[in-house]
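Read the figures in this text as sums done on the coordinates, not as results from a lab. Just so we're clear, the structure is a prediction, and the values are computed from it rather than from any experiment. Backbone-built Cβ (ideal geometry, glycine too); neighbour counts: all protein chains shown.
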Amino acid sequence: MNLSAFNSNQSQEVIELFTTVFSNSEGEKEGALIGKLVSELITTTDAQEILGFVATSQNKIIGCIFFSRLTFENNSNAFILSPVAVHTEHQGQGVGQQLITFGLEHLKENKVDLVFTYGDPKYYSKVGFTHVSEEHVKAPLTLTYPEGWLGQPLTGSTIKPISGASHCVKALSKQVYW
């Protein structure tokens, strides 16, 4: 397996990966929704505001993740990890964890301070994410699953409270994803 930065030439294959993976696990409606999210992330987000990484095997993309800018009133240098997909045939083999770790290392090298995500605490705890209360750091939109608001510091040992609102990129700024 090879890990590398996402390249815009991979857009169609990546959109198809997310659509298929989420259709298989959550149903076709969810697959279409997440496929649309990925398409919008790729096409509407400024290059400085998004980072993507892919896992390939035998010249096929088997996993992909995206980090996009998360802004705070105090100008913290932060990103949010969303979404993540690993091809159904490759799930449970550590592909997602390796891909996330690879992406986090890249963010550290680029002096990003904080990373957040919104998802399964059991899964994301394997790569260093812990629960963050909204009193500590406010999510960009109303959370339907508050236990899934997770973060990790990439510099320092803790996430210090951040007052005020947070904002995500346009593609993620829809209540349906929260």
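The table below gives the values:
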{"read-out": "The stretch 104-178 - Debye-derived log10 I(q)/I(0), Cα point model, q = 0.21, 0.23 Å⁻¹", "value": "-1.02, -1.20"}
{"read-out": "Mean ellipticity per residue at 222 nm, deg cm²/dmol - from DSSP H runs of n ≥ 4 across the chain, formula -39500 (n - 2.57)", "value": "-9500 deg cm²/dmol"}
{"read-out": "Inter-centroid distance (Cα atoms) of the stretch 113-140 relative to the stretch 15-33, Å", "value": "23 Å"}
{"read-out": "Residues with amide H under 5 Å from that of residue 154, placed H, sequence gap 5 or more", "value": "114, 115"}
{"read-out": "Label zone at residue 32, where the point sits 7 Å out along the Cα-to-Cβ direction: the stretch 140-178 residues whose backbone N lies under 18 Å", "value": "176-177"}
{"read-out": "Inter-label distance for residue 47 and residue 8, nm, one decimal - labels placed 7 Å from Cα along Cα-to-Cβ", "value": "0.7 nm"}
{"read-out": "Under 14 Å from the residue 173 label point (7 Å along Cα→beta-carbon), backbone N, the stretch 141-163", "value": "141-142"}
{"read-out": "Under 25 Å from residue 170, Cα to Cα: lysines that are on another chain or at least 8 residues apart", "value": "29, 36, 108, 111, 138"}
{"read-out": "Per-pair calculated FRET efficiency, R0 = 30 Å: residue 110 and residue 16 via Cβ, rounded to 0.05", "value": "0.60"}
{"read-out": "Net lengthening on full extension, residue 147/residue 75 (0.36 nm per residue, minus Cα-Cα)", "value": "23.4 nm"}
{"read-out": "Crossing angle, helix 95-109 versus the chain [Cα axis fit, 0-90 degrees, rounded to tens]", "value": "50 degrees"}
{"read-out": "Vicinal HN-Hα couplings computed from phi for the stretch 150-160 (Karplus, 6.51 cos²θ - 1.76 cosθ + 1.60; Hz; Gly/Pro x)", "value": "10, x, 7, x, 9, 10, x, 10, 9, 8, 6"}
{"read-out": "Degrees between helix 28-44 axis and first principal axis of the chain (Cα, 0 to 90, nearest 10)", "value": "70 degrees"}
{"read-out": "The chain, dipole about Cα centre (Lys/Arg Cβ +1, Asp/Glu Cβ -1), debye to the nearest 20", "value": "180 debye"}
{"read-out": "Computed Kirkwood radius, in angstrom, where 1/r is averaged over Cα pairs of the chain", "value": "16.3 Å"}
{"read-out": "Unit charges at the beta carbon, dipole of the stretch 33-127: most positive-side option, 67, 33, 56", "value": "56"}
{"read-out": "Whole-number percent relative contact order across the stretch 2-177, with pairs defined as alpha carbons under 8 Å at least 6 apart", "value": "21 percent"}
